[in-house]
Amino acid sequence: MNPIAANDALVLVDVQIDFCPGGALAVPDGDAVVPLCNALARRFGTVVTTQDFHPAGHVSFASTHGQEPFSEMVVEYGTQVLWPDHCVAGTRGAEFHPDLDLNLVQAILRKGFRAEIDSYSGFVEADQQTSTGLAAYLRERGVRRIFVAGLALDFCVAWTALDARAAGFEVVVLEDACRAIDLGGSVQKARADFDTVGIVVARTRDIQQR
Ligand code: VGL
Ligand code: ZN
């Protein structure tokens, strides 16, 4: 892998209180990524982060439909996993982990803020049509390769990485700086999808500085 250069970006995904132990949709060991994300952020010229940010009554919440969390439901744009209420705008759970150094982050991209459309991806919402504008932002800054880390490997990290690849970027997922939810084989599926489209899976110690 080429060392980190000026046209590389780091995209940190959803390192938020609700995805960490004690949170509403806790990813096992999720807070372990925080020091790795901070260390990574110091090494990149372009650093952005996504923030899962839902209104109360969001389409992805099981409670909205009177269903059980972690069940599935067909909605307008396809099959949606129904989650516990999480990352509700204006609540503490939607905030970033307090130890994540936001001073190192240049742009915060909120997603999933439309009541009727979820967005695991930082690039394209779950209807597969609505762009968040992130690809254009990164392209405008000359970015060619994107390193992805954060939560959760098998959902928002995976969809963000896959859409980055679909948008024409080279993509590296830093697996030791991610943690997974692991629901019905989702980790295996994500890794197979990475392989299919040529996303590189690496560890933080494998990346060199130019
Ligand atoms: C996520 C489920 C629902 C994630 C966000 O950040 O991986 N997962 N919303
Ligand atoms: Zn969400």
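The values are calculated or read from the model by the stated rules, or taken from the named source; none is laboratory data. All values derive from a computational prediction rather than experimental measurement. Every residue, glycine among them, receives a Cβ derived from its backbone with ideal geometry; neighbour counts consider all protein chains shown.
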What number of residues within the range 60-71 satisfy the criterion of being more than 10 Å from ligand 2 (Cβ to nearest atom) and either buried (at least 20 other Cβ atoms within 10 Å of the Cβ) or hydrophobic (A, V, I, L, M, F, W, C) (or both)? 2
Matching residues, the range 138-170, being among the small types (Gly, Ala, Ser) and crowded, with 24+ Cβ neighbours inside 10 Å: Ala149, Gly150, Ala152, Ala158, Ala161, Ala164
Answer with yes or no whether Gly168 is farther than 21 Å from Leu100 by Cα and either over 16 Å from the mean Cα position of the chain (by Cα) or part of a strand (DSSP E or B) (or both). yes
Residue within the range 87-105 that is farther than 28 Å from Ala41 by Cβ, crowded, with 16+ Cβ neighbours inside 10 Å, more than 14 Å from ligand 1 (Cβ to nearest atom) and not polar (S, T, N, Q) present: no
Could you run through the range 7-31 and say how many residues are hydrophobic (A, V, I, L, M, F, W, C) and in a loop (DSSP other than H, G, I, E, B)? 6
Which residue is nearest to ligand 1 (Cβ to nearest atom), if the candidates are limited to the range 116-125 and must be surrounded by fewer than 24 Cβ atoms within 10 Å (Cβ to Cβ) and closer than 15 Å to Ala166 by Cβ? Glu125
Can you spot a residue in the range 46-57 that is away from ligand 1 (no atom under 14 Å from the Cβ), in a loop (DSSP other than H, G, I, E, B) and on the phi > 0 side of the Ramachandran plot? yes
With the structure loaded, tell me whether Phe53 is of a type outside the set (D, E, K, R) and either at pLDDT below 95 or under 14 Å from the mean Cα position of the chain (by Cα) (or both) or whether it fails that test. yes
Hey, any hits in the range 136-151 for a residue that's within 12 Å of ligand 1 (Cβ to nearest atom) and over 19 Å from Asn7 (Cβ atoms)? yes
Is there any pair linking a residue in the range 75-88 that is under 14 Å from His58 (Cβ atoms) and free of Cβ contacts under 8 Å to residues at least 24 places away in the same chain to one that is outside any loop (DSSP other than H, G, I, E, B) and within 10 Å of ligand 2 (Cβ to nearest atom), with Cβ under 9 Å and at least six apart or on different chains, and which? Leu82/Phe61
Residue count, the range 72-86, condition surrounded by fewer than 16 Cβ atoms within 10 Å (Cβ to Cβ) and either more than 13 Å from ligand 1 (Cβ to nearest atom) or polar (S, T, N, Q) (or both), comes to 5
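What about Val34, is it under 27 Å from Arg205 (Cα atoms), more than 14 Å from ligand 2 (Cβ to nearest atom), at pLDDT 95 or above and within 16 Å of the chain's Cα centre (by Cα)? If you could, list the steps in order and put the result at the bottom.
Details: under 27 Å from Arg205 (Cα atoms): yes; more than 14 Å from ligand 2 (Cβ to nearest atom): yes; at pLDDT 95 or above: yes; within 16 Å of the chain's Cα centre (by Cα): yes.
Taking the combined requirement at face value, the residue satisfies it.
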Per the filter on the range 127-161, residues assigned to a loop (DSSP other than H, G, I, E, B) and hydrophobic (A, V, I, L, M, F, W, C) are Val143, Ala152
Among the residues of the range 171-210, which ones are among the basic types (Lys, Arg), modelled with pLDDT of 95 or more and part of a loop (DSSP other than H, G, I, E, B)? Arg203
Do we find that Ala39 is surrounded by fewer than 20 Cβ atoms within 10 Å (Cβ to Cβ), closer than 24 Å to Gly133 by Cβ, out of contact with any strand residue (DSSP E or B) (no Cβ under 6 Å at 6 or more places or on another chain) and not hydroxyl-bearing (Ser, Thr, Tyr) in this structure? no
